[in-house]
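Readers should treat all values here as calculations from the given coordinates under stated rules, not as data from a laboratory. Note that the structure is a prediction, hence the values are computed from the model and not measured. Reconstructed Cβ throughout: ideal geometry from the backbone, glycine too, with neighbour counts over all protein chains shown.
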Amino acid sequence: MDAAPGPVATSPLREPGYRVLLGYRLCAILSYQIVAVTVGWHVYELTRNPFALGLVGLAEVVPYIGMALFAGYLVDHLPKRRLGALACAGLASTALLLAAISAGHLAPGRTWPIYAAIVLTGLVRSFLTPVYTALFAQVLRREQFARGASIGSIAFQTALVCGPALGGLTVGWAGKTAAYALAAVLALAAGAVLLWLRVAEPRADGPRAPVFASIGVGLRFVFNNQIMLAAQALDLFAVLFGGAISLAPAFITEILHYGPEGLGILRGAPALGAVAVGIVMARRPPGRHAGRLLLWAVAGFGVCIIGFGLSRHFWLSALFLLMSGICDGVSVVLRSTIMQLVTPDGMRGRVASINGIFIGSSNELGAFYAGSMARLLGLVPAVVLGGFVTLGVVGVTALKAPRLRRLDLRNL
């Protein structure tokens, strides 16, 4: 991994605005993750039906995808801090609504109000990442983008590990209502931190473009940019076909014959690997051969998924998932850096939203694909096939996207 040459950039953590922005991201993701794990427990406690858990994901991803492009447009044309704070207030509102349901004050024993609250979560979540992405470019200089993306990935993955653990512990010790209340407090804290950020937001020049025309400009920019489109497609298909982690509960029971405590280890292993590689890349940001590094990282992810599918030993399986997290962490940092470097300032909200559609839907679709293939082929063949398909996607991308293959971040 080659560090980009040129003048040494100061650490992004020395920038007060970036530290505030990280605080916003951490609090918002922790809030969202606590709600996600608590809702799963809540719904299953009421229904004892695994299909009802699938409906939770569907209730969120459909409004998220439907709102994402409009959210990007609004982020590009309205004050970003206020918009992000309103989105955080929406997260807090859904958590408080769920707390009222859990406490028996609203439709006790019914699941439809829970799904209604999750629909609202999907709508407001579509604003969180575009706001972060747009403000990221305003609090850092270009030469700090690669390190900033690495540190942001560390914060993101840490929240992915700590959020479910914090939610589960709170449910176990104090109950669902307390967990929802904690999520509401964290969401309000995220909004307050964002309003504390001091940054001069550029004014849009000239009349505002019509909504659909403006969204079309963003879509054309992404789909006409070979480097960005290829990087996003790689991530989408890797998660879609390599979604082995969604089958971890079945592997624990039927293949690895390990206790329920092993599920937490397997679920946390990829995030732990991503945090570790994020720390390394924050110290040595990628520069030369970044495109080849991205392709090798996604190929390594596919190999790790194949290894996980073939493993019959718990700790070997955990090691493969840890390594898959390392590969995925490299991919996330590089994709984020590419997006920040090639996107014009006035289009960051829309481009981040389009990226969110690629990535935000791939986990749910990947889980659906993995479950469907496991039912058709069996657990092990489904996972191994997904890994090989990921390798095929890397090969096709390397052939069809030569600009990505030859990418040097120093030239962007």
Q.
What distance in nm lies between label points placed 7 Å from Cα along the C-beta direction at ASP345 and ARG141?
A. 1.5
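Test of understanding: given the chain, find the longest segment containing no trypsin sites (Lys or Arg not before Pro) that are in a DSSP loop and have at most 12 other Cβ atoms within 10 Å.
Longest site-free region, per DSSP loop and neighbour criteria: 209-311.
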Q) For the chain, what is the mean residue ellipticity at 222 nm derived from helices alone (per DSSP H run of n ≥ 4: -39500 (n - 2.57); sum divided by total residues; nearest 500 deg cm²/dmol)? A) -27000 deg cm²/dmol
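Among 129-136, 34-41, how do they line up from the highest to the lowest mean number of other beta-carbon atoms within 10 Å?
Result, highest mean first: 129-136, 34-41.
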Q. Once amide H atoms are placed 1.01 Å from N in the peptide plane, what residues at a sequence separation of 5 or more from GLY287, or on another chain, have their amide H within under 5 Å of its amide H?
A. ASP2, ALA4
Q. So what's the gap between the Cα centers of the range 296-344 and the range 87-107, to the nearest angstrom?
A. 35
Q | the range 48-191 shape via C-alpha gyration tensor axes, a/c threshold 1.5 | A | prolate
(Q) Please list, in order along the range 71-88, the HN-Hα scalar couplings obtained from phi with the Karplus expression 6.51 cos²θ - 1.76 cosθ + 1.60 (θ = phi - 60°), rounded to whole Hz, x for Gly and Pro. (A) 4, x, 4, 5, 5, 6, 10, 10, x, 5, 5, 5, 5, x, 5, 5, 4, 5
Q) How large is the dipole of the range 33-185 about the Cα centre if only Lys and Arg carry +1 and Asp and Glu carry -1, each at its Cβ, rounded to the nearest 20 debye? A) 260
Q | Highest to lowest packing among 351-357, 273-279, scored as the average C-beta count within 10 Å | A | 351-357, 273-279
Q: Over the range 82-161, calculate the relative contact order: mean separation of alpha carbon pairs under 8 Å at least 6 apart, over the residue count, as a percent.
A: 33
